[in-house]
Each structure stands twice: as structure tokens, then as C-alpha cells.
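Below: the structure, in C-alpha cells.
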Amino acid sequence: MKISKNVLRYLFGRGTFNQLGELIQPLRKAAESKVVFFIDHFFRGKDLVKKLPSLQQDEIRFIDTTDEPKTPVMNRIADEFRRFPEGQIVAVVGIGGGATMDTAKAISNLLTNEGPAEQYQGWDLVKKPGIHKIGVPTLSGTGAESSRTCVMTNPVNGLKLGMNSDHTIYDQLLLDPDLTVTVPRNQYFYTGLDTYIHCIESLSGRNRHMLADAFSHEANRLSRKVFLESDMQEEANREALMAASYLGGCAIANSFVGVIHPFSAGLSVVLGLHHGIANCIAMLGMEEFYPREYTEFMTMVERQNVDIPRGVCKDLSDEQFDALYQSTVIHEKPLSNALGNDFKSILTPQKVKQIFLKM
Ligand code: NAD
Ligand code: ZN
């Protein structure tokens with residue numbers, strides 16, 4: 001058993017974005033104190049930017065989330081900010097979906113820990129606390145706001161792994177459901193389902209305890225309400241999904257994922273699909289592992305009338321299937337959590353190919 005840490009302080013509710021300044025102000029110890037805002041590029045030129053409590057000396061960086069975070073980009077941004085004198089940057093604020101929130105977490109850590117991002121991909125490698133981190137999700141589902149990791153890919157060796165560390169957890173969160181009103185319908189579903197998927201995997205795993213289960217059960221109760229009843233994007237449902245996402249992040253900090261995330265990771269590595277959509281595609285092949293949840297997922301898709309691409313693996317070459325197999329079974333911890341240490345006797349190359357062909 002390892003000791004768990006959660007986000008220490010958070011503010012939840014519609015309109016709380018207006019209070020961001022109250023969170024930041026006490027951190028400005030000197031006239032030249034600087035705050036760095038990382039904001040998803042969707043918000044460029046939007047009202048949200050006008051409402052930022054930024055001062056002239058602050059830095060605002062829009063993050064292009066066309067691609068998910070990569071280590072060279074993290075290193076470039078970190079080097080840019082490392083030129084400021086120690087102590088001058090007093091807060092790093094991440095405003096966006098999982099990609100932007102993860103970027104902010106990584107840069108905060110890199111500003112106090114020297115060397116490249118690749119050096120910290122793994123478990124408990126970050127030595128010192130980063131710069132004070134404030135997270136502001138604008139898209140609910142990944143749980144990046146409450147988790148202890150920030151996922152990034154090293155394009156040289158293909159390793160997609162975060163800085164799993166207590167130092168990666170946000171110091172403060174501002175959870176304002178009004179910020180998710182502009183999310184496109186399919187994206188809202190793909191990312192929102194990440195919480196539900198994390199929780200069904202951890203609830204059917206072997207490494208569990210009652211508190212982690214409690215986080216997962218409540219996150220899934222809220223997710224079911226959002227995706228099975230009426231319109232997932234109406235006001236009350238956006239609020240419920242933001243709460244579910246936070247709880248899902250807490251759940252996963254105390255448990256492991258299962259079969260779905262490794263297959264989803266395979267799709268991301270080999271076909272370049274983003275995390276949320278890859279999870280939903282992976283669900284199409286999961287009937288035998290999660291029969292009840294598979295049926296429930298298909299009902300959600302139908303009820304919310306969203307598009308899940310099909311047949312994405314039907315024309316792949318043998319080499320691509322081999323790459324899919326390798327990048328799936330490499331995830332030993334979650335697969336053992338779901339199927340036991342002998343998981344490779346169940347997930348043979350032939351079997352894995354059959355599952356991908358169902359998607
Ligand atoms: P994302 O951050 O990649 O954003 C997806 C799209 O939504 C982008 O086009 C973005 O511009 C848009 N968007 C975001 N907010 C919007 C808004 N309010 N209105 C309109 N458009 C908006 O998506 P995501 O699914 O939240 O995050 C995926 C990333 O999170 C991946 O990199 C994944 O690896 C990572 N992740 C991290 C954790 C963790 O614990 N740290 C967990 C799961 C996934
Ligand atoms: Zn996930």
C-alpha cells in the first residue's frame with residue numbers, strides 16, 4: 001500500500017472563474033512576481049482571456065492541442081521560462097483539457113527540477129516540488145485535474161508515460177462548469193467517458209480498497225446520470241460531469257486501470273488517435289471483458305447520438321497488428337490488475353488481433 005495525496009484546495013461552482021484572482025493574489029510576494037498562464041488554443045481571442053487576472057509582467061501561452069503533449073515541446077517551453085531568476089515565477093496556471101492541464105503540471109515541475117522531461121517519465125522521479133500549480137479544467141473527464149501524473153510522449157522511443165509523483169498534483173483547483181459550455185458534442189462525450197472507463201476498470205480490478213471503490217462508484221453514478229438521462233451537455237449535467245471527473249482522478253490515484261486503457265494506448269501509439277476517442281473505439285471490442293458496461297456504453301452512444309468511428313483496424317498490415325500487440329501488452333500493471341499475472345496466456349497475438357478487428 002502506498003500513501004495517497006489529493007489536491008489540497010479547490011473551489012467548485014458556476015461562475016467561480018471570476019475568483020481566479022483571489023487564488024493568485026496571495027502568491028504575488030513582490031512587485032515583479034510573475035504568473036504563467038497556459039491556455040488551450042481554443043480560447044485565443046475569446047472572452048475568457050479578457051477575464052484573466054493577469055498583470056503586465058505575466059506570461060500567457062496558448063497551447064496547441066492538435067497533438068497530445070510531447071517531451072521536446074515540454075523541454076522547449078521549460079527552457080524558455082528557466083531564463084527568469086529563481087523565485088520570480090510564483091504560479092503556473094493550466095486552463096484547458098487534459099493536454100493543457102498536463103502541460104502546466106510538467107512545466108511547473110521542470111522549472112524546479114533541472115534536465116529534460118524524459119528524465120522524469122516514470123514513478124516518483126521528480127525530486128523537488130514544482131512552482132505552485134493552479135488547475136482550471138475546461139473539458140471534463142480525464143481526471144488530470146486531480147491525478148498525480150501528466151502524460152507525455154517521447155517521440156524518440158515512443159514511450160507515453162507521465163511524471164507520476166506527488167509533486168505533479170495541483171496545489172489548487174478552480175472547477176467552474178460554465179467553462180465547458182463550448183465543448184463540441186463528440187469531444188465532450190469522448191473525454192467525458194474517460195472517467196467512466198477508468199472507474200469500471202478499477203472496480204473490476206484485483207488491486208482495490210474500499211475508499212478507491214467509493215470514489216469510483218460515485219464517479220460512475222454521476223457519469224450514468226450524465227450519459228444515460230436526457231442531454232449530456234445541459235447545465236446540471238456539465239456540473240455533474242465536472243464532479244465525476246475530479247472523483248475519477250482521485251479513484252485512479254488509488255487503483256489501476258484494466259484492459260481498456262492498454263488497447264486504447266495501442267490505438268494511440270500505432271494510429272495516432274487521441275486518448276478519449278481511442279478509449280471509445282477500444283470499448284467496441286470489450287464485450288467479453290466488461291459485458292454489462294459494454295451494453296451500457298452502447299446505450300450511451302445511442303442516447304447521446306454521438307459518432308464512434310468503426311472499422312479503424314480492418315485494413316491494417318501484419319506489421320501494424322504486431323505493433324498494436326506490442327504496444328498493448330506492454331501495459332503489464334493494468335493487464336495483471338484485470339486478468340492476473342498470466343495475462344499473456346489470454347491475450348495471445350491472435351486474440352489481440354481479433355479484439356482490434358471488432359472495433
Ligand atoms: P485535450 O486537452 O486534448 O482537448 C481536446 C480538444 O478539446 C482540443 O481540440 C481543445 O482545443 C478542445 N477544448 C478543450 N476545452 C474546450 C472548451 N471549453 N471548448 C471548446 N473546445 C475545447 O482533451 P482531453 O481529452 O481533456 O485530454 C487528453 C489528454 O489528457 C491526453 O494527452 C491524455 O494523455 C491526457 N490524460 C491525462 C491524464 C492524467 O491523469 N494526467 C488522464 C487521462 C488522460
Ligand atoms: Zn484515461
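Descriptive notes on the structure:
- Residue list for region 34-78, restricted to those being closer than 27 Å to His275 by Cα and either of a type in the set (D, E, K, R) or modelled with pLDDT under 95 (or both): Asp40, Arg44, Lys46, Arg61, Asp64, Asp67, Glu68, Lys70, Arg76
- The helices (runs of 4 or more DSSP H) falling completely within region 10-93 that include 1 or more residues that are among the small types (Gly, Ala, Ser) and more than 16 Å from ligand 2 (Cβ to nearest atom) map to 20-24, 71-82.
- Matching residues, region 155-175, being assigned to a strand (DSSP E or B) and open to solvent by less than 10 Å² (accessible area, probe 1.4 Å): Met163, Leu173, Leu174, Leu175
- Odd one out for Phe17 among (1) farther than 17 Å from Asp171 by Cα; (2) surrounded by 15 or more Cβ atoms within 10 Å (Cβ to Cβ): (1)
- The single residue among Glu218, Glu239, Glu234 that is in contact (Cβ under 8 Å) with a residue 60 or more places away in the chain and of a type in the set (Asp, Glu) turns out to be Glu239.
- Evaluation of Arg221 against (1) assigned by TED's automatic domain parsing to the domain that holds Val329; (2) open to solvent by less than 50 Å² (accessible area, probe 1.4 Å); (3) among the charged types (D, E, K, R) (one fails), failing number: (2)
- Yes/no for Gly248 being more than 13 Å from ligand 2 (Cβ to nearest atom), buried (at least 22 other Cβ atoms within 10 Å of the Cβ) and not in a loop (DSSP other than H, G, I, E, B): no
- Taken over region 102-137, residues that are in contact with a Gly (Cβ under 8 Å, 6 or more places away or on another chain) and open to solvent by 10 Å² or more (accessible area, probe 1.4 Å) amount to 4.
- Summed over region 194-214, residues that are in contact with a Cys (Cβ under 9 Å, 6 or more places away or on another chain), surrounded by fewer than 24 Cβ atoms within 10 Å (Cβ to Cβ) and in contact (Cβ under 8 Å) with a residue 60 or more places away in the chain total 0.
- Residue check for Ile63: in contact (Cβ under 8 Å) with a residue 40 or more places away in the chain, under 30 Å from His331 (Cα atoms) and either among the small types (Gly, Ala, Ser) or open to solvent by less than 10 Å² (accessible area, probe 1.4 Å) (or both): no
- Residues satisfying the stated conditions in region 300-347, i.e. at positive phi and open to solvent by less than 60 Å² (accessible area, probe 1.4 Å): Gly311, Gly340
- For Val126, the requirement of being β-branched (Val, Ile, Thr) and part of a strand (DSSP E or B) is not met.
- Residue tally, condition open to solvent by less than 80 Å² (accessible area, probe 1.4 Å) and farther than 18 Å from Asp178 by Cβ, over region 38-60: 8
- Unique match (being part of a helix (DSSP H, G or I), open to solvent by 10 Å² or more (accessible area, probe 1.4 Å) and either within 16 Å of ligand 2 (Cβ to nearest atom) or not acidic (Asp, Glu) (or both)) among Val270, Val257, Val226: Val270
- Looking only at residues in region 348-359 that are part of a helix (DSSP H, G or I) and over 18 Å from Met283 (Cα atoms), the one that is least open to solvent (accessible area, probe 1.4 Å) is Pro349.
- If you check Ser317, Ser336, Ser327, Ser345 for being of a type in the set (S, T, N, Q) and within 22 Å of Leu203 (Cα to Cα), only one passes: Ser336.
- For region 119-145, the set of residues classified as closer than 22 Å to Arg61 by Cβ and more than 16 Å from ligand 1 (Cβ to nearest atom) consists of Pro129, Ile131, His132, listed by residue number.
- Scanning region 20-37 for residues that are surrounded by 12 or more Cβ atoms within 10 Å (Cβ to Cβ) and in contact (Cβ under 8 Å) with a residue 60 or more places away in the chain yields a total of 6.
- Of all residues in region 218-265, those being among the β-branched types (Val, Ile, Thr) and under 21 Å from Leu179 (Cα atoms) number 1.
- Scanning region 135-154 for residues that are within 14 Å of Leu175 (Cα to Cα) and outside any loop (DSSP other than H, G, I, E, B), we see that the one that is farthest from ligand 2 (Cβ to nearest atom) is Val136.
The values are calculated or read from the model by the stated rules, or taken from the named source; none is laboratory data. What you see is a predicted model, and the numbers here were worked out from it, not measured in a lab. Because the Cβ atoms are built from the backbone with ideal geometry, glycine has one as well, and the counts that use them run over all protein chains shown. What goes into the accessible areas is simple: the full protein's heavy atoms, side chains included, and nothing from ligands, DNA or RNA. Shrake-Rupley method; radii C 1.70, N 1.55, O 1.52, S 1.80 Å.
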